Amino acid sequence: MKRILGAAAVAVAFGMTLAAAPPAMAAGHIPKGFLLYEKEAAKHHNDDEARWEVSQKTGARFAVNLCDKATLSRSGRVAARTATYTAVPGYARAEQVILYASPRAAEKAMRDLRAAVARCRSTRASGLTYRVTSAKAAIGDDALKITGQSYRGRKWAIGGERALVTRRANAVVVYNIGGETGKPARSDFTRQLRDARTMLGKICRIADCD
């Protein structure tokens, strides 16, 4: 995530007075409505073709789970909130904020994710190969862009996901889009990066930032 000029510096430069920062929320708690897509989820009328679900289960599956391991990055969590959207014929979107007991526990969650990416870089099913690549992203304290894509031989096939996972202090944030994706491209992460920047702009209201 790109860093911008701090609010205090902007205020001094333009002779403005800063308003008081909003009070910090209770430690280890993610309040209702904190996720970016909760308003959209609340307004949506679920049916057989499209539905939103919002969960506050601390043990929810990690929103990008390449090895299909229920306990991935679960150790050390104190709270989690997840919004998922699914629609036919196979489109899905997920937003997830997880709070860990400490920044060290969140760092371990990121290490566990990287290990899962390395362990499950290539899997085969129904004549297709699902390949996973990853790259660092300059956002937050640590971030990873993950591309999953189906291939038939050397040619890309329908089916994939594009996930951005970033950490700030003891919080880990995930934005993942999957479904009938085309050939991987850098622009695939435009929305995820924008959403992550917005979320990290307010994450210190609930995270233990310095």
### Query
Taking the range 64-104 as the search range and keeping residues that are among the polar types (S, T, N, Q) and assigned to a strand (DSSP E or B), which one is farthest from ASP210 (Cα to Cα)?
THR86
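Checking the structure you have, find out if any residue of the range 76-91 is β-branched (Val, Ile, Thr) and touching a helix residue (DSSP H, G or I) at 6+ places or on another chain (Cβ under 6 Å). If you could, list the steps in order and put the result at the bottom.
If we filter the range 76-91 for residues that are β-branched (Val, Ile, Thr), which is where we start, we get 78, 82, 84, 86, 88.
Still in the list and also touching a helix residue (DSSP H, G or I) at 6+ places or on another chain (Cβ under 6 Å): none.
No, the conditions are met nowhere in the range 76-91.
TYR151: within 18 Å of ASN65 (Cβ to Cβ) and among the aromatic types (Phe, Trp, Tyr), yes or no?
No, not satisfied.
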### Query
Hey, any hits in the range 131-145 for a residue that's of a type in the set (S, T, N, Q) and closer than 20 Å to LYS202 by Cβ?
no
### Task
List every residue pair whose Cβ atoms lie under 6 Å apart, where the two residues are 6 or more positions apart in sequence or sit on different chains, the first residue falls within the range 126-137 and is of a type in the set (Phe, Trp, Tyr), and the second residue, located anywhere, is in a strand (DSSP E or B).
TYR130/THR123; TYR130/SER150
### Tally of residues being in contact with a Lys or Arg (Cβ under 8 Å, 6 or more places away or on another chain), at pLDDT 95 or above, within 19 Å of ALA83 (Cα to Cα) and not hydrophobic (A, V, I, L, M, F, W, C) across the range 143-180
3
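The values are calculated or read from the model by the stated rules, or taken from the named source; none is laboratory data. On a predicted model such as this, the values are computed, not experimentally measured, just so you know. A quick note on method: Cβ atoms are made from the backbone with ideal geometry, for glycine too, and the neighbour counts reach across all protein chains shown.
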